[in-house]
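S.K.: Please read through the structure below; I'll follow up with questions.
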Amino acid sequence: MQLIDGKAVSAQIKKEIAQEVGEMRKAGMRAPKLVAVLVGHDGGSETYVASKHKTCLEVGFDSDVIRFESDITEAELLACVEQLNNDDSVDGFIVQLPLPKHINEQKIIEAIDYRKDVDGFHPINVGRMSIGLPCFVSATPAGIVELLKRYHIETKGKHCVVLGRSNIVGKPVAGLMSQKGYPGDCTVTVCHSRSENLKEMCLQADIIIAALGVPGFLKGDMVKEGVVVVDVGTTRVPSTETKSGFRLKGDVEFDEVAKKASYITPVPGGVGPMTIISLMKNTLLAGKKEIYK
Ligand code: GUN
């Protein structure tokens, strides 16, 4: 069994991005700029945004965080989006989700100029991805395929089972794994909470991407020998072994499944670190106007 080390891969990509930013500056270009919009004080969102901002500065990007209290109106947030759409100094921006209940998230996502949508959530980017056109691919699916690529894992003709059908992970990663080329060319089955023969499907899988958000869901008796397992789950579960009293648990019962797997991602340290780095890669592409002029 080989552990897929997302921490090491993301550190390597971070160096590659920093080097490119250095070259941009040397060529007289300005560094790419990412702005994150954060509404309210959700603990998870605060942590993610702080981490995105910090990583931006580490790779040499320019970065700002715009904060609003959770009583901001939808119209005010739309006005902020419009301002960022029109600000030529901003290459890409994200509105951190979830948003307060009184704001229509989809309306906000669709108001973002797709050419600055480095989250890859706008329907134009989602649609372009699904038909294989250049676009911003959302960070987690992009991070997953990058890991498979960096470990030279064979995907052509393999049966890939995706557990979960979320818009952020399950659906897009199923699209990427079935598209022409590498990594791709898989036969993909998407299973979800209503699937009746989920265990049989998993037993036939060469590659399993688990993104259900159910800690420890995939057990050792649900996988075949030699399977490649990518665990996207990050549920906080109580723990007596950490200072915080919590630890992250993936969707995979790691000890059981690792015994049979050829490759497996740990949680934490697998897909997680790849997600922020994929956002950085999209920001670099936005800065260089490599996808949209
Ligand atoms: N909330 C959880 N993950 C994400 C993400 O990737 N982007 C944004 N904007 N919000 C999130």
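The values are calculated or read from the model by the stated rules, or taken from the named source; none is laboratory data. Not measured: the values here are computed from a predicted model. With ideal geometry, Cβ positions are generated from the backbone for all residues, glycine too; neighbour counts draw on all protein chains shown.
S.K.: Pairs only if they're at least six apart or on different chains, beta carbon under 6 angstrom, first in the range 25-50 and over 22 Å from Glu76 (Cβ atoms) and in contact (Cβ under 8 Å) with a residue 12 or more places away in the chain, second more than 12 Å from the ligand (Cβ to nearest atom) and among the β-branched types (Val, Ile, Thr); list them, first residue then second.
M.R.: From the range 25-50, the pairs are Ala31/Val21; Pro32/Thr283; Lys33/Val90.
S.K.: Here is a follow-up. State whether the residues of the range 150-160 include one that is part of a helix (DSSP H, G or I) and within 15 Å of the ligand (Cβ to nearest atom). Talk me through it step by step, then tell me what you get.
M.R.: Keep residues of the range 150-160 that are part of a helix (DSSP H, G or I), which gives 150.
Narrowing the set further to residues that are within 15 Å of the ligand (Cβ to nearest atom) leaves none.
The answer is no, given that none of the residues of the range 150-160 is part of a helix (DSSP H, G or I) and within 15 Å of the ligand (Cβ to nearest atom).
S.K.: Of the numbered conditions (1) more than 30 Å from Gly43 (Cβ to Cβ); (2) crowded, with 19+ Cβ neighbours inside 10 Å, Asp231 fails exactly one; give the number of that condition.
M.R.: Result: Asp231 passes all but (1).
S.K.: Moving on. For residues that are over 24 Å from Gly120 (Cα atoms) and in contact with a Leu (Cβ under 6 Å, 6 or more places away or on another chain), tally how many sit in the range 1-34.
M.R.: Looking only at that region, the number is 1.
S.K.: Out of curiosity, is Glu241 more than 16 Å from the ligand (Cβ to nearest atom), touching a helix residue (DSSP H, G or I) at 6+ places or on another chain (Cβ under 7 Å) and either at pLDDT below 95 or not in a loop (DSSP other than H, G, I, E, B) (or both)?
M.R.: On the way: more than 16 Å from the ligand (Cβ to nearest atom): yes; touching a helix residue (DSSP H, G or I) at 6+ places or on another chain (Cβ under 7 Å): no; either at pLDDT below 95 or not in a loop (DSSP other than H, G, I, E, B) (or both): yes.
No.
S.K.: Please find, within the range 244-261, the residue that is surrounded by the fewest Cβ atoms within 10 Å (Cβ to Cβ) out of those that are among the acidic types (Asp, Glu) and part of a helix (DSSP H, G or I). Break it down into steps so the answer makes sense when it comes.
M.R.: Step one: list which residues in the range 244-261 are among the acidic types (Asp, Glu), which gives 251, 253, 255-256.
Imposing the further condition that a residue be part of a helix (DSSP H, G or I) reduces the set to 255-256.
Details: Asp255: 8, Glu256: 16.
Among residues in the range 244-261 that are among the acidic types (Asp, Glu) and part of a helix (DSSP H, G or I), the one surrounded by the fewest Cβ atoms within 10 Å (Cβ to Cβ) is Asp255.
Listed here are the residues, each with its yes/no results for (1) out of contact with any helix residue (DSSP H, G or I) (no Cβ under 6 Å at 6 or more places or on another chain); (2) modelled with pLDDT under 95; (3) more than 16 Å from Val145 (Cβ to Cβ); (4) within 16 Å of the ligand (Cβ to nearest atom).
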residue: Val252; (1), (2), (3), (4): yes, no, yes, no
residue: Asp255; (1), (2), (3), (4): yes, no, yes, no
residue: Thr265; (1), (2), (3), (4): no, no, no, no
residue: Ala286; (1), (2), (3), (4): yes, no, yes, yes
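S.K.: While we're looking at this one, here's another question. Is it the case that Val9 is at pLDDT 95 or above, farther than 19 Å from Val118 by Cα and in contact with a Phe, Trp or Tyr (Cβ under 9 Å, 6 or more places away or on another chain)? Lay out the reasoning, then the answer.
M.R.: On the way: at pLDDT 95 or above: yes; farther than 19 Å from Val118 by Cα: yes; in contact with a Phe, Trp or Tyr (Cβ under 9 Å, 6 or more places away or on another chain): yes.
Spelling it out, Val9 is indeed at pLDDT 95 or above, farther than 19 Å from Val118 by Cα and in contact with a Phe, Trp or Tyr (Cβ under 9 Å, 6 or more places away or on another chain).
S.K.: Now a separate question. Just a yes or no: is a residue in the range 248-258 in contact with a Phe, Trp or Tyr (Cβ under 7 Å, 6 or more places away or on another chain), closer than 21 Å to Ser10 by Cα and of a type outside the set (D, E, K, R)?
M.R.: No, because not a single residue in the range 248-258 is in contact with a Phe, Trp or Tyr (Cβ under 7 Å, 6 or more places away or on another chain), closer than 21 Å to Ser10 by Cα and of a type outside the set (D, E, K, R).
S.K.: What number goes with the only condition from (1) surrounded by 13 or more Cβ atoms within 10 Å (Cβ to Cβ); (2) within 16 Å of the ligand (Cβ to nearest atom); (3) under 16 Å from the mean Cα position of the chain (by Cα) that Val9 does not pass?
M.R.: Against the list (1) surrounded by 13 or more Cβ atoms within 10 Å (Cβ to Cβ); (2) within 16 Å of the ligand (Cβ to nearest atom); (3) under 16 Å from the mean Cα position of the chain (by Cα), Val9 comes up short only on (2).
S.K.: Tell me which of these Gly226 doesn't satisfy, since it passes every other one: (1) at pLDDT 95 or above; (2) on the phi < 0 side of the Ramachandran plot.
M.R.: That leaves (2) as the condition not met.
S.K.: I need the full set of residues from the range 107-134 which are at positive phi and either in contact with a Gly (Cβ under 7 Å, 6 or more places away or on another chain) or crowded, with 19+ Cβ neighbours inside 10 Å (or both), in order please. Please lay out each step first, then the result.
M.R.: To start, the set of residues in the range 107-134 that are at positive phi comprises 120, 132.
Answer for the range 107-134, where residues must be at positive phi and either in contact with a Gly (Cβ under 7 Å, 6 or more places away or on another chain) or crowded, with 19+ Cβ neighbours inside 10 Å (or both): just Gly120.
S.K.: Looking for whichever is touching a Leu at 6+ places or on another chain (Cβ under 8 Å) and farther than 22 Å from Gly269 by Cα here; the options are Gly184, Gly170, Gly164. Which one fits?
M.R.: Values: Gly170 fails: farther than 22 Å from Gly269 by Cα; Gly164 fails: farther than 22 Å from Gly269 by Cα.
After ruling out the rest, the residue left standing is Gly184.
S.K.: Turning to a different aspect of this structure: Confirm whether Leu218 is among the hydrophobic types (A, V, I, L, M, F, W, C), in contact with a helix residue (DSSP H, G or I) (Cβ under 9 Å, 6 or more places away or on another chain) and modelled with pLDDT under 95.
M.R.: Answer is no for this residue.
S.K.: Quick one: in the range 139-149, which of the residues that are of a type outside the set (Lys, Arg) and without any contact (Cβ under 8 Å) to a residue 40 or more places away in the chain is nearest to the ligand (Cβ to nearest atom)?
M.R.: First, pick out the residues of the range 139-149 that are of a type outside the set (Lys, Arg): 139-148.
Then keep just the ones that are without any contact (Cβ under 8 Å) to a residue 40 or more places away in the chain; that gives 141, 145.
Working: Pro141: 10, Val145: 16 Å.
Selected residue: Pro141.
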